[in-house]
Amino acid sequence: MSDLINIEIAGINFSIRCRDSIILQDYDPAYTSFLKIGEDPTAIDIHIDLELNTMPDAKHLTKIFDSGQSWSMYQNSNDYVVMLNPPAFNKKPIWMAKFDHLVKNVAVYLGDLLINKSNSRPAVSNPVKYPLDQILLMYFLSQREGALIHAAGIGINGKGYIFPGKSGAGKSTISLQFLGQDNMEMLSDDRVIIRKINGTFRVFGTPWAGEGGIARNKHVALSGIFFISHAGHNRIEKIKPQKALEKLLPVVSIPWYDKEIMTRILIFCEDLISRIPAYTLGFKPDTEVVNVLEEFVSQ
């Protein structure tokens, strides 16, 4: 079994391996800063083994969720199975991933579409990207006080702030206003991970960039949550935890079909909102919002 590549996302280390000698290709450039070379194998959190020769039969599995677009989730005893099967491919799996309830060991079975055997050493298209890596992290984080959130993330003078919002809310727009500003460092313009580590909530950049293409492998202690919306003028208003939780849940990656995992993430979100102040931020798409926000958080 040979290691092909290691990835670190939010301080969580993945190892991608294969028992066969292969060339792993088609890696997204957004992952560049998240790649790790020569990592200590004892530090790996999630072991991913690529399997080239056998695609298991899923007929006996119990389907617990269907995205309706590209992937489905099944369960078999304590194991989960995710299948990438877009309708355009007549439901023929592109890959199938099986992982245990601790999300420590993952077997990814590759379909013919991902394997080029024209040479003696097969070239394999990397399957560890959206949606697989996000699904694995959603389950992994649920057991370790963490969650994946649709939000932009920024560090200002060493303090972290996130800007949750659905598509079109302005995550990339507001992120671009902060780029290049003194004392400010963007982490992500579309998705962040929040983890509670040693009693402190920290916000991590992720490789899943939005329109602004911002994806950085950095993190900072979280100090505030700003729910954004486009507005005619810049305004910030503090909101109560209950209202903040109502706004947060729609932008958190939660498997509503899985009661046990869902419950854990909900508990984490309640803890997060009870400890981190939350606000609404209506903003105009120009750099004036930078001064407004900087002045507000420095008070």
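The values are calculated or read from the model by the stated rules, or taken from the named source; none is laboratory data. Remember, predicted model here, so these are calculated numbers, not experimental data. Every residue, glycine as well, gets a Cβ built from its backbone with ideal geometry; the counts of neighbours run over all protein chains shown. Side chains included, ligands, DNA and RNA excluded: accessible areas come from the protein's heavy atoms. Shrake-Rupley method; radii C 1.70, N 1.55, O 1.52, S 1.80 Å.
Taking Cα atoms, how many degrees apart are the long axis of helix 288-297 and the longest axis of the chain, rounded to 10 and kept between 0 and 90? Helix 288-297 sits roughly 80 degrees off the main axis of the chain.
Straight Cα distances below 15 angstrom link Lys129 to the aspartates and glutamates Glu8, Asp26, Asp28, Asp49, with same-chain residues fewer than 8 positions distant left out.
Amide H contacts of Leu24 (H built 1.01 Å from N, in plane; Pro and chain starts excluded): Val124 sit under 5 Å, all sequence-distant by 5 or more or on other chains. With the simple model of a label 7 Å out from the Cα in the direction of the Cβ, Asp79 to Glu237 spans 5.2 nm. With one equal scatterer per alpha carbon and no solvent term, the Debye-computed log10 I(q)/I(0) for the range 58-102 at 0.27, 0.33 1/Å reads -0.97, -1.25. So what's the Cα pair-distance distribution over the chain, bin width 10 Å, in %? Answer for the chain: a P(r) of 6, 27, 32, 22, 11, 2, 0 percent.
Shown in residue order for the range 260-275 are the 3J(HN,Hα) couplings computed by the Karplus curve 6.51 cos²θ - 1.76 cosθ + 1.60 at θ = phi - 60°: 5, 5, 4, 4, 4, 5, 4, 4, 4, 5, 4, 5, 4, 5, 6, 10 Hz (x for Gly and Pro).
Taking amide hydrogens as placed 1.01 Å from N in the peptide plane, the amide H of Tyr279 sits under 5 Å from those of Ile225, Phe226, Phe227, Ile239, each at least 5 positions away in sequence or on another chain.
Note on the range 184-299: antiparallel DSSP beta bridges, both residues inside, total approximately 70 percent of the bridges counted. DSSP assigns beta bridges within the chain; of those with both partners inside it, close to 75 percent run antiparallel.
Rounded to the nearest 500, the 222 nm mean residue ellipticity of the chain from helices alone is -5500 deg cm²/dmol, with -39,500 (n - 2.57) taken per DSSP H run of at least 4 residues. If you wrap the tightest convex hull around every Cα atom of the range 148-194 and split its volume per residue, you get 52 Å³.
Helix 132-142 and the long axis of the chain differ in direction by around 60°, with both axes built from C-alpha atoms. Calculated accessible area for the chain comes out at 47 Å² per residue, all protein chains present (probe 1.4 Å; ligands, DNA, RNA ignored).
Charged side chains reduced to their Cβ positions (Lys and Arg at +1, Asp and Glu at -1) give the chain a dipole of some 500 debye around its Cα centre.
The relative contact order of the chain, computed from alpha carbon pairs under 8 Å that lie at least 6 residues apart in sequence, is 15 percent. For the range 71-174, the Cβ-based charge dipole about the Cα centre amounts to some 220 debye (Lys, Arg positive; Asp, Glu negative; other atoms uncharged). Listed by chain and number, the aspartates and glutamates whose alpha-carbon sits under 19 Å from that of Lys238, ignoring those within fewer than 8 places in the same chain, are Glu246, Glu270, Asp271, Glu294, Glu295. Only protein atoms count toward the accessible area here, which uses a 1.4 Å probe; on the range 103-257, the carbon and sulfur part of that area reaches 44 percent. Residues whose amide H comes within less than 5 Å of that of Val220, counting only those at least five positions distant or on another chain, are Val203 (H built at 1.01 Å from N in the peptide plane). The distance from the alpha carbon centre of the range 162-202 to that of the range 86-161 is 22 Å, rounded to a whole number. Hey, which of these cross-link pairs are over 20 Å Cα-Cα: Lys171/Lys196; Lys63/Lys92; Lys171/Lys247; Lys166/Lys247; Lys171/Lys218? Beyond 20 Å between Cα atoms: Lys171/Lys196. Sorted from greatest to least, the principal axis extents spanned by the alpha carbons of the range 44-172 come out as 52, 37, 33 Å.
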